[in-house]
Amino acid sequence: MYKSTQRYVHLRMHSEYSVLDGTIRLNEALECAKANKQGALALTDLNNLFGVVKFYKLSRIQGIKPIVGCNISVKHGSSESKNKSNIILLATNVQGYRNLCKIVSMAWVNHSINSYSFLDEPNIVQREPSSIAIERTCLKGDLTRGLIALSGAIYGNIGQAIMDGDKHNARTLLNGWLSDFSGNFYVEIQRSGQQSEERYIDGAVELASIYRIPVVATHPIQFLKPTDFQMHEVRACIAENKILLNRQKAKKYTYEQYFKSKREMCSLFKDIPSALENTVHIAKRCNLSLNLGDIKLPVFPKPKGIPIKKLFVASVVIGLKCKIQKKRIRIKSTSFVHYLNRIVFEFEVILRMGFLGYFLIVSDFVCWAKNNGVPVGPGRGSGSGSLIAFILSITDVNPIQYGLLFERFLNPERIAMPDLDIDFCQAGRNRVISYVMELYGSRLVSQITTFGTFATRAAIRDIGRTLGIHHTITDNIAKLIPQPTEQQQKLNYNVLKLETIVLNPDRPEEASRSLVGSSVRRLISLAVRMDGLARNVAVHAGGVLIAPVSISMFCPLYSQEGDCAMLVSQFDKDDAETVGLVKFDFLGLTTLTALNNTAKHIKALHKLKAWSLEDICMEDIGSYKILQKADTIAIFQFESSGMKRILRTAKPDCFEDIIALIALFRPGPMHLMFSYCKRKHGMESSHYLNRRLVPILKETYGIIIYQEQVMQIARVIGRYTLAKADLLRRAISKKQPLAMEHHRLNFQKGARSIGLTNAESKVIFELMEKFACYGFNKSHATAYAILVIQTAWLKAHYPAEFIASNLSLSMHEVNRTIKLYKDSSNRNIMLLKPDVNKSFYQFKPIENVPIKACLKIDSIHKTKPKAIQYGLGAIKDTGKLAVQELIKAREAKPFTSLLDFCLRTNRRTLSKKTIELLIRAGAFDSSCCSIRRCVLIRLLVATIRYSERIKASVDISGLYPNSGSFEISLDRAMRKIRPIWSERRILFEEKKALGLYQTGHPFKLFKRDIRKLVPNSISYYRTGSIGSHVFLCGVVTSYFHKLINNKLVAVILLEDDEEQCSVYLNTSILPNDVKLDKLIIVRGHLLVPKDYDRINITAVRTYSLTSECLKQCRFVTTVCNIESTIAKASSFFIKTTYSSGKSIFIQIAHKLKTIVVLEHSLGLYCESTLRALNKVLNGCLKIKYIY
């Protein structure tokens, strides 16, 4: 309530949810209002209501009256910016709130697509709110009820007319607003430091006095404090992609647009006191009360005349018969009565809670997906504990078989929405969403918004770009920031310390250090304040809302990219649920896509039409052998190095072990993991505090692992019902002391009823309390364990098909592709080169029978050896359309040459750059088998030009007068092309195109010489002890800097032809010329092997291979191919006068004759001298070290 002394209320404020121009966090604004004793506050973000629910809830908590509004852009007959104006709309009641939601939705949904502004990420659908507007003709009639309108000050159409000196137009516009907002329209005035504001105020006050309408004073709040102006300017520049110091940037904002106090506002408008009092009058009129928490359940589209209860029962009966027919439920089993009792119990609970329609809705779109070729996961979360969900095909987990509890999913004593999250194949998820939208109508269905925030690394880069700091400096700073943990969610580094790390004092050659240092301090200071602010608006990965009536009745909407068919709510998932909308999770899981593609390959290659993934046995020995060996690349949930260590220790041999490992592999219960493994293998005895606990804890060897076990213990010992046991579980997991004390007494009382003393029950309760904090949902673990076994089974029995499917899904992730490539090599599965005549867009398994084997009938096995044809889509910058064009062109016959390829393909889809990458990748090796790749690259432009002339039917008979055809001319040109690519160059060109070495490894080219210097491979040190000496050589595959214990450390990833290792070294010993694909030698010590995938080494010294060879060899032989260049090279050599000099033999190859010309000694036998010598010899120098 308001006192008579209340003098001012802020009615205009842009928060961080204005996205473009707001930096105010809602909680900070409300705290500021409370400190200033303002009883009310309005939120009027630009063209959206993203933050309304959060603002409403926080205001209630702070004891401040929330005023919900919006700063709406209005179009006047055209989309031109000069015909746009702004107006403030404030909701006075629920009807006004609903109308405001409709107006904001109309502004977005009916907006032109051409003015959309998208961000970098593909799932971002953000548009500039400043470009969104609603037609002026829409703001009339019933749509204006319950709304108060403020004229928009100088940015409203009345203000624009006054500023233009057109009083007649201003009066006309005012009459229009008064007719639409009778008694609810105010002339708005501001003093925020903008030019010509006083001229506008004079005109506005005069106009208001003529029409006898009230004037209201507002302040356009954009940031919280005056010191936040620079942060606000940076935020606006980031949104507009501009530089802060750009003088051409229009100054839209002033220093005055901060959250002013009542005293400051009263001082500003002391000459117009009525304008201040009217803010209080408006605040008293705005009495919006939102009914939060009431669930608006969607309605299942059932046939007319059939009650929902009858339809549900019929669906359950049909589903039960189907499960019995498929032998998923055995009717002759003695437990079948238990199935029937469980079905009746679940049905009564679902009916009493009113969720029959919800189950039918989920069952409907899940069954549609399964019937239309969209793979669906076996289950997720606690929903797998429902037998009815299993019968209705929502899940594929039989809860009776695995001892799962329905009460963990839906508690009869705690009414809450069931949470049936569904995993779909990543590629088919959108098809299911489209089906739902088509079934229920676009008015009732929408996706959910989510907000991207300024994460620490991104904030550093964005702010640095806006401040004009060189990207190298901002990138170095960003790389030093580790990923935030639960304890460290904000950028809390010491500015001076971070500056010292970035501006390394060991490198005094850096210029203008003081200038850069001050810029860095400014950068870090801004990043700290902006960390966590809303940066953009995106679409939630899998959330979909379905409402019983038009969804805009509950929340505003905006339209998605493209044809605007799919709407997106302006509330995030939490706010949408707060207003009562029901969320359905359509989650995408890549593993399901891999399983589906593998099944297709198996059916195609082995002609198994009736086979399906459901036929996979959960107790297959081959699957468990794969897991016991930790051969888990591409195995669902089990790929991490930590899990591999656990698998080697646990050696799982049954399905229950897989469930337990999924539940235990988390930071909290990790110590229980090792105890579980020891008890499994008899190295530690299992303890049970009471014989009644044995049936419950036997499968986990006496350890409480699952939440369901806590509930069962409460039922057996404490005489709880399972519903009350679930409340106990929640109290333990949330650490509620009052509830825990209440449950402790009830548990002891129940234990006494079965003959246990208070001391015995106390020990059991404390055991529950200790382990329940780490308890995991067994229903979820069981569902995901099915996926683990399915992936392991496919890898064990159909490895080529399985690896090919995973390669297709990760073709744009180089590191992942390399892992899978090595995995296929370890299984003797050939990964064939890309081929324009054989490859498709994706990787494809094929039968690869060697020619020699085909000649001998006895040598052909029943199972032919497999290979994988490289996917053309994995070649860089090769799009799907280009590959489709290629495949279509070769349908008639294979390509026979590069010219044939160019003649039969279109340059619009297959550009010169794409063809060049195909050549580098070796895709033309089969069709142009006699032509080297370097020759094809050199002749590509000429070939394309010639092919285009032929296509254009140009007479070219006189183009080559000395040859009969273009092919003969190419043959002559090929003989003249020099130099020919070396084997090393071929590998590097392959890596440019594929991201990996496909036909070899550069280490192998130098392996013979390397082993004379470095005898041991990287894999030799896998069995070494911690701290042992290491001396190895490898190729640099990546390097970066990392902040460890506030020290800057360089990390280099090395690999030879067998193994990889990570080398940690101080930046002072990092080679200056370190770069990718360079061979370096490392001396150091073996670190603690944190994982089995990669050896970790701390380096003492690193040096290049060439410098070490020069030091260790007896003499060096150099070879050059042009006799005349020896004169140029003579300045690098002196005659042998010192015994310490290295002997140099210059060997000339000229006209097929080899002549040893001289014996010299290098003046400076170092790597830089050899590079200079090679440059003089035009790159023709070859070096051989003699030891």
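A few points about this structure:
- Just one residue in the set K607, K573 is basic (K, R) and touching a Lys or Arg at 6+ places or on another chain (Cβ under 8 Å); that residue is K573.
- Conditions (1) over 30 Å from Y17 (Cα atoms); (2) of a type in the set (G, A, S); (3) modelled with pLDDT under 90; number of the one not met by A565: (1)
- Region 161-189: number of residues that are of a type in the set (S, T, N, Q) and touching a residue at least 40 places away in the same chain (Cβ under 8 Å): 1
- Among (1) exposed (fewer than 14 other Cβ atoms within 10 Å of the Cβ); (2) assigned to a helix (DSSP H, G or I), the one test that Y1020 misses: (1)
- Any hit, region 87-95, residues being surrounded by 18 or more Cβ atoms within 10 Å (Cβ to Cβ) and either more than 20 Å from S151 (Cα to Cα) or at pLDDT below 90 (or both): no
- Here L672 passes the criteria (1) assigned to a helix (DSSP H, G or I); (2) at pLDDT 90 or above; (3) under 32 Å from the mean Cα position of the chain (by Cα) except the one numbered (2).
- The residues listed here are K629, K625, K644; of these, the one that is surrounded by fewer than 22 Cβ atoms within 10 Å (Cβ to Cβ) and either on the phi > 0 side of the Ramachandran plot or over 31 Å from the mean Cα position of the chain (by Cα) (or both) is K625.
- The number of residues in region 44-89 that are out of contact with any helix residue (DSSP H, G or I) (no Cβ under 7 Å at 6 or more places or on another chain) and not small (G, A, S) comes to 13.
- Residue in region 707-731 that is surrounded by the fewest Cβ atoms within 10 Å (Cβ to Cβ), counting only those that are polar (S, T, N, Q) and part of a helix (DSSP H, G or I): Q712
Quick grid of which residues meet (1) in the same structural domain as V53 (by TED's automatic domain parsing); (2) charged (D, E, K, R); (3) touching a residue at least 40 places away in the same chain (Cβ under 8 Å):
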site	(1), (2), (3)
G543	no, no, yes
F571	no, no, yes
Y624	no, no, yes
Q628	no, no, no
D631	no, yes, yes
I635	no, no, yes
K644	no, yes, yes
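- Cross-chain or 6+ apart pairs with Cβ under 9 Å, region 294-308 first and on the phi > 0 side of the Ramachandran plot, then modelled with pLDDT of 85 or more and outside any loop (DSSP other than H, G, I, E, B): none
- Qualifying residue in region 654-661 (condition: surrounded by fewer than 20 Cβ atoms within 10 Å (Cβ to Cβ), on the phi < 0 side of the Ramachandran plot, acidic (D, E) and in a helix (DSSP H, G or I)): yes
- Residue list for region 665-690, restricted to those being in contact (Cβ under 8 Å) with a residue 60 or more places away in the chain and surrounded by 12 or more Cβ atoms within 10 Å (Cβ to Cβ): R666, P669, L672, L689, N690
- All of (1) within 25 Å of A427 (Cβ to Cβ); (2) at pLDDT 90 or above hold for E891 with one exception: (2).
- Restricting region 291-309 to residues that are over 30 Å from Q95 (Cβ atoms) and surrounded by 10 or more Cβ atoms within 10 Å (Cβ to Cβ), the residue that is nearest to the chain's Cα centre (by Cα): K302
- Considered as a group, the residues in region 972-1007 that are modelled with pLDDT of 85 or more, of a type in the set (A, V, I, L, M, F, W, C) and touching a helix residue (DSSP H, G or I) at 6+ places or on another chain (Cβ under 6 Å) include one that is surrounded by the fewest Cβ atoms within 10 Å (Cβ to Cβ), and that residue is L996.
- Qualifying residue in region 193-205 (condition: modelled with pLDDT under 90 and surrounded by 15 or more Cβ atoms within 10 Å (Cβ to Cβ)): yes
- Screening the candidates E741, E766, E760 for the property of being surrounded by 16 or more Cβ atoms within 10 Å (Cβ to Cβ), charged (D, E, K, R) and either assigned by TED's automatic domain parsing to the domain that holds D620 or more than 25 Å from H671 (Cα to Cα) (or both) yields one hit, E760.
- Within region 1010-1026, tally of residues that are out of contact with any helix residue (DSSP H, G or I) (no Cβ under 6 Å at 6 or more places or on another chain) and either modelled with pLDDT under 85 or polar (S, T, N, Q) (or both): 11
Residue-wise test of (1) aromatic (F, W, Y); (2) modelled with pLDDT of 90 or more; (3) closer than 19 Å to Q426 by Cα.
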{"position": "V579", "(1), (2), (3)": "no, yes, no"}
{"position": "L592", "(1), (2), (3)": "no, yes, yes"}
{"position": "N597", "(1), (2), (3)": "no, yes, yes"}
{"position": "L605", "(1), (2), (3)": "no, no, no"}
{"position": "L613", "(1), (2), (3)": "no, no, yes"}
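- Unique residue being more than 15 Å from F571 (Cβ to Cβ) and in contact with a His (Cβ under 6 Å, 6 or more places away or on another chain) when the list is N71, N36, N83: N83
- Checking Y253, Y155 one by one, the residue that is under 46 Å from the mean Cα position of the chain (by Cα), within 30 Å of R461 (Cα to Cα) and touching a residue at least 60 places away in the same chain (Cβ under 8 Å) is Y253 and no other.
- Restricting region 909-936 to residues that are without any contact (Cβ under 8 Å) to a residue 40 or more places away in the chain, part of a helix (DSSP H, G or I) and under 37 Å from the mean Cα position of the chain (by Cα), the residue that is surrounded by the fewest Cβ atoms within 10 Å (Cβ to Cβ): K913
- Selection count where residues are under 18 Å from D1057 (Cβ atoms) and assigned to a loop (DSSP other than H, G, I, E, B), scope region 813-828: 2
- Subset of region 584-617 [in contact with a helix residue (DSSP H, G or I) (Cβ under 6 Å, 6 or more places away or on another chain) and assigned to a strand (DSSP E or B)]: F586, G588
- Looking at K251, K321, K302, just one residue is among the basic types (K, R) and at pLDDT 85 or above, and that residue is K321.
- Among the criteria (1) at positive phi; (2) modelled with pLDDT under 85; (3) of a type outside the set (S, T, Y), the one P482 does not fulfil is (1).
- Residues that are among the basic types (K, R) and assigned to a helix (DSSP H, G or I) were ranked within region 881-908; the one that is surrounded by the fewest Cβ atoms within 10 Å (Cβ to Cβ) is K888.
The values are calculated or read from the model by the stated rules, or taken from the named source; none is laboratory data. Here the structure is a predicted model, which is why all the values come from computation and not from measurement. Please note: Cβ atoms are built from the backbone with ideal geometry, for glycine as well, and neighbour counts cover all protein chains shown.
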